[in-house]
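The values are calculated or read from the model by the stated rules, or taken from the named source; none is laboratory data. Every value quoted in this text rests on a predicted model; they were computed, and no experiment measured them. Virtual Cβ from ideal backbone geometry, glycine too; neighbours counted across all protein chains shown.
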Amino acid sequence: MVYYVACKRVRNGKETNYWFNVNSLTRRDADNNPVFPEWYELGNLDARLEKLAEVGAITAKEEVKVMSPVFEGNKRVYNDVVQEDGTVIKVAAATPKPVAMIIPAE
């Protein structure tokens, strides 16, 4: 299930109507760590909606690079990495992607 919340988005001083995807608050990085732990730990989408209603607004002022998994189609990409002893292991491919860090509005 995907939850969208109707909202106003302000970017570069211009306000527009927007649909915010609440599922984006559950995003994980390439190591499976939550990008927004305070939102992820709420446990489910209903709790995240309640928190959004409680804080009233969120802000994304800073953009950071988060290592994200690489997919080809629906399959995750793995690379062969040769260890010092000559054994080869599969390591999940990751690439840095920009993510706007979401915080409660000030």
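As an exercise: evaluate Asn17 against (1) modelled with pLDDT of 95 or more; (2) surrounded by 12 or more Cβ atoms within 10 Å (Cβ to Cβ) and give the number of the one condition it does not meet.
(2)
Return yes when Pro96 is touching a Lys or Arg at 6+ places or on another chain (Cβ under 6 Å), under 28 Å from Trp19 (Cβ atoms), touching a residue at least 24 places away in the same chain (Cβ under 8 Å) and not hydroxyl-bearing (Ser, Thr, Tyr) and no when it is not.
On the way: touching a Lys or Arg at 6+ places or on another chain (Cβ under 6 Å): yes; under 28 Å from Trp19 (Cβ atoms): yes; touching a residue at least 24 places away in the same chain (Cβ under 8 Å): yes; not hydroxyl-bearing (Ser, Thr, Tyr): yes.
So Pro96 passes the test.
Report whether or not Val66 is within 30 Å of Cys7 (Cα to Cα) and surrounded by 13 or more Cβ atoms within 10 Å (Cβ to Cβ). Can you show your working first?
Details: within 30 Å of Cys7 (Cα to Cα): yes; surrounded by 13 or more Cβ atoms within 10 Å (Cβ to Cβ): yes.
So Val66 passes the test.
When the stretch 54-80 is examined, which residues are found to be in contact (Cβ under 8 Å) with a residue 12 or more places away in the chain, more than 14 Å from the chain's Cα centre (by Cα) and in a strand (DSSP E or B)?
Ile58, Thr59, Lys61, Arg76, Tyr78, Asn79
For the stretch 81-104, name all the residues that are in a loop (DSSP other than H, G, I, E, B) and surrounded by 11 or more Cβ atoms within 10 Å (Cβ to Cβ). It would help to see each step written out before you state the result.
Filtering the stretch 81-104 for residues in a loop (DSSP other than H, G, I, E, B) gives 83-87, 93.
The answer is Ala93, and nothing else.
Considering only residues that are assigned to a loop (DSSP other than H, G, I, E, B) and small (Gly, Ala, Ser), look in the stretch 30-52 and name the one that is farthest from the chain's Cα centre (by Cα). Can you show your working first?
The initial filter retains those residues of the stretch 30-52 that are assigned to a loop (DSSP other than H, G, I, E, B), namely 30-33, 35-36, 41-44.
Those still in the list that are small (Gly, Ala, Ser) too: 30, 43.
Values: Ala30: 11, Gly43: 15 Å.
Per the criteria, the residue is Gly43.
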